[in-house]
Amino acid sequence: MRYQTPKRRQQRPIAACLLLPLLPIVETPIHEVTDVNTIDFRSDTVTLPTPTMRDAIFRAELGDDVYHEDPTANRLQRMAAEMLGKEDALFVASGTMANLVAVLTHCESDERILLGSEAHMHYYESEGIIRLVGVEVRTLPNDAQGRIDPAALEETLWQSDGPPINLVCLENTHMRCGGVPLSAAYTAKVASVAHGRGVPLHLDGARIFNAAVALGVPAASLVEDVDSVMFCLSKGLCCPVGSLLCGSGEFIALARQSRKLVGGGMRQVGVLAAAGIVALESMIDRLADDHANAKLLAEGLAEMPGVTINPMAVQTNIVIFEVQGGAPAFLAAIAEQGILALPVGPDRVRMITHNDVGRGDVERALELIRGVLQRGNGEQAAT
Ligand SMILES: Cc1ncc(COP(=O)(O)O)c(C=O)c1O
């Protein structure tokens, strides 16, 4: 990429921008979270490492991971591969980097990747993927369960106009579709369509363990048919940093080179991997508590005036609902009460439960939100 002076940037054609989805929503706005009474539902990424993780970080055995010599990173990668039933795994800095490295490894520039219209990779990552890998992005509509229609996929892969589509991606759980888990059977169906055309399937499994816990199955069974899968340690699993990309031995060897290409070789990365080992050993089963708290939150919200939500649809830790009067006014009114959440549309609000909000916090938040809506604060602020 060439540095452009501000003058040159102004002259850039607008067409490239039209390829991208509208990005009106900053995913992580900055808040001053100084009050200990704040209840932060913005994301499970706000979770802090547990005392056991801090201890493991302190004691981690280290080496240079670029030379494959960090014993803690090596152990984490072996654990991740085993838990997902893949031959190998690679530690990377973030979920975004894991998806980017996956696309870099699967595709040549001038090819196309196929994403769901509501996918995180489409909404928040496609600019990086387009600019850094050089691929184009094609989308198919996501239904309310975060699925793309396998028949529409078949049709799209069949049409050979334009650059070839050389990667299909799914997301499990599906963040913008309310955290719904995709079943192994559905993933197998999409894989069989993609593989039938010789196209690999990548899974953005940022929250794959939430899906596994919600469906009561091993995570490996949900990714059996995908060629590569990434999951995040830094969301509900509470690590400070890190994601793992998993796949065949050959794929991961190439992904290691792609990671180097984007500056992702992190030397004594065992300080981060140590927390990941604690997460995989002890933070997965407790995700069920986050799911129960999300259900409680959804059921409470469903009874409130001006809120539209189907609590039955909430299966994991993500709660998305509509508010009368618009999301910005509602969010401002609840923020005054110390409750933080994010907008995912003009009238849509997202709340995510996690290790740092307990059942008592959810009950207190419901009481405060009820007060806000009964006083009509959320709506008045919008008018
Ligand atoms: C579904 C999904 N995929 C990928 C990512 C990107 O992860 P990161 O923030 O670690 O880059 C996120 C982040 O929230 C996500 O929700």
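The values are calculated or read from the model by the stated rules, or taken from the named source; none is laboratory data. Being a predicted model, the structure only gives us computed values, none of them experimental. Cβ: placed from backbone, ideal geometry, glycine included. Neighbour counts: every protein chain shown.
Give the residues of region 41-58 that are among the β-branched types (V, I, T), within 16 Å of the ligand (Cβ to nearest atom) and assigned to a loop (DSSP other than H, G, I, E, B), sorted by residue number.
The one that is among the β-branched types (V, I, T), within 16 Å of the ligand (Cβ to nearest atom) and assigned to a loop (DSSP other than H, G, I, E, B): T47.
I'd like to check something: does region 104-112 contain any residue that is in contact with a Cys (Cβ under 8 Å, 6 or more places away or on another chain), under 15 Å from L201 (Cβ atoms) and at pLDDT 95 or above?
Taking every residue of region 104-112 in turn, none turns out to be in contact with a Cys (Cβ under 8 Å, 6 or more places away or on another chain), under 15 Å from L201 (Cβ atoms) and at pLDDT 95 or above.
Which residue is surrounded by the fewest Cβ atoms within 10 Å (Cβ to Cβ), if the candidates are limited to region 305-322 and must be farther than 12 Å from T353 by Cβ and touching a Lys or Arg at 6+ places or on another chain (Cβ under 6 Å)?
Here the answer is E322.
If only one of A194, A185, A206 is part of a helix (DSSP H, G or I), at pLDDT 95 or above and closer than 21 Å to L100 by Cα, which one is it?
A194
Considering every residue within region 120-127, establish whether at least one is surrounded by fewer than 16 Cβ atoms within 10 Å (Cβ to Cβ), away from the ligand (no atom under 16 Å from the Cβ) and either under 22 Å from H174 (Cα atoms) or in contact (Cβ under 8 Å) with a residue 24 or more places away in the chain (or both).
No - not one qualifying residue is present in region 120-127.
So, in region 135-174, exactly how many residues are part of a strand (DSSP E or B) and of a type outside the set (A, V, I, L, M, F, W, C)?
6
Please indicate, with yes or no, whether at least one residue in region 215-222 is part of a loop (DSSP other than H, G, I, E, B), crowded, with 24+ Cβ neighbours inside 10 Å and out of contact with any Gly (no Cβ under 6 Å at 6 or more places or on another chain).
Scanning region 215-222, I find no residue that is part of a loop (DSSP other than H, G, I, E, B), crowded, with 24+ Cβ neighbours inside 10 Å and out of contact with any Gly (no Cβ under 6 Å at 6 or more places or on another chain), so the answer is no.
Touching a Cys at 6+ places or on another chain (Cβ under 8 Å) and not aliphatic (A, V, I, L, M): does that describe N355?
Here the answer is yes, as N355 does meet what is asked.
Looking only at region 212-233, which residues are within 15 Å of K86 (Cα to Cα) and either at pLDDT below 95 or more than 16 Å from the ligand (Cβ to nearest atom) (or both)?
P218, A220, S221, E224, D225, D227
Look through G263, G236, G247, G198 and report the one residue that is within 12 Å of the ligand (Cβ to nearest atom) and either free of Cβ contacts under 8 Å to residues at least 12 places away in the same chain or under 21 Å from the mean Cα position of the chain (by Cα) (or both).
Step by step, each of G263, G236, G247, G198 is checked, and only G236 is within 12 Å of the ligand (Cβ to nearest atom) and either free of Cβ contacts under 8 Å to residues at least 12 places away in the same chain or under 21 Å from the mean Cα position of the chain (by Cα) (or both).
Step by step: first the residues of region 80-96, then only those that are in contact (Cβ under 8 Å) with a residue 60 or more places away in the chain, in a helix (DSSP H, G or I) and within 16 Å of the ligand (Cβ to nearest atom), then the one that is farthest from D161 (Cα to Cα). Which residue is that?
Only one residue fits best here, namely A80.
Of (1) in a loop (DSSP other than H, G, I, E, B); (2) within 15 Å of D227 (Cβ to Cβ); (3) among the polar types (S, T, N, Q), N99 satisfies all except one. Which?
(1)
Which residues, taken from region 327-381, are at pLDDT below 95 and of a type in the set (D, E, K, R)?
Within region 327-381, R375, E379 qualify.
Can you pull out every residue in region 102-119 that is aliphatic (A, V, I, L, M) and either outside any helix (DSSP H, G or I) or under 21 Å from A220 (Cα atoms) (or both)?
A102, I113, L114, L115, A119
Can you tell me which of G360, G325, G276, G371 is in a helix (DSSP H, G or I), of a type in the set (G, A, S) and surrounded by 19 or more Cβ atoms within 10 Å (Cβ to Cβ)?
Residue meeting the stated conditions: G276.
Please go through region 102-119 and pick out each residue that is within 16 Å of the ligand (Cβ to nearest atom) and of a type outside the set (S, T, N, Q).
A102, V103, L104, I113, L115, G116, E118, A119
Starting from residues that are out of contact with any Cys (no Cβ under 8 Å at 6 or more places or on another chain) and among the β-branched types (V, I, T), keep the ones in region 131-178 and report whichever is farthest from the ligand (Cβ to nearest atom).
T156
Given (1) away from the ligand (no atom under 16 Å from the Cβ); (2) out of contact with any Pro (no Cβ under 7 Å at 6 or more places or on another chain); (3) over 30 Å from S282 (Cα atoms), identify the lone condition not met by Q77.
(3)
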